[in-house]
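These notes are about the structure you will find just below.
The values are calculated or read from the model by the stated rules, or taken from the named source; none is laboratory data. This one's a predicted model, so the numbers in the text were calculated from it and none came from an experiment. Positions of Cβ are generated from backbone atoms using ideal geometry, with glycine treated the same way; all protein chains shown enter the neighbour counts.
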């Protein structure tokens with residue numbers, strides 16, 4: 001469960017393994033803070049999502065810093081730009097791999113809340129109530145996030161199909 005969520009966000013198996021390990025370390029360290037207001041799985045999902053989003057934010061900061069610093073230096077080491085290259089989620093059927101690669105690239109461009117709601121609903125198959133608990137928002141807000149994510153993905157998918 002944790003690995004699949006993290007992998008859906010990070011789209012890189014090595015990073016997903018590292019962050020999954022961090023999630024379980026955090027669960028171990030914080031288990032005494034768990035109050036039982038939600039199920040343990042909801043709490044662990046929340047930690048998984050937060051760790052994934054934190055990792056992505058740090059990665060984007062490094063990417064921006066690398067681009068900016070490359071403008072002021074001639075060193076090749078600063079030109080490293082991190083990209084998701086043809087990510088293949090292990091749970092996708094072989095005949096759907098090409099569409100899945102495109103879909104995961106498009107999902108990665110969504111805003112964090114839309115991405116979270118979409119992944120938890122469509123990939124993790126959680127219901128809106130569970131997602132609302134994990135994200136700390138209302139079920140109606142989850143519904144709107146999923147709808148907006150679908151609209152954005154459809155627009156981007158249609159654009160890519162035309163290209």
Legend entry - Residue that is surrounded by the most Cβ atoms within 10 Å (Cβ to Cβ) [pool: residues in segment 106-130 that are farther than 12 Å from residue 149 by Cβ and free of Cβ contacts under 8 Å to residues at least 24 places away in the same chain]: 128
Inset, instruction - Can you work out which of the residues in segment 1-14 that are crowded, with 18+ Cβ neighbours inside 10 Å and part of a helix (DSSP H, G or I) is nearest to the chain's Cα centre (by Cα)? - result: 9
Inset, instruction - Have a look at 150, 154 and point out the one that is surrounded by 14 or more Cβ atoms within 10 Å (Cβ to Cβ) and modelled with pLDDT under 95. - result: 150
Legend entry - In segment 131-148, the residues that are part of a helix (DSSP H, G or I) and without any contact (Cβ under 8 Å) to a residue 40 or more places away in the chain: 131, 132, 139, 140, 141, 142, 143, 144, 145, 146, 147, 148
Inset, instruction - Just one of (1) closer than 15 Å to residue 108 by Cα; (2) more than 14 Å from the chain's Cα centre (by Cα) trips up residue 57, so point out which. - result: (2)
Legend entry - In segment 17-40, the residues that are at pLDDT below 95 and surrounded by 14 or more Cβ atoms within 10 Å (Cβ to Cβ): 38
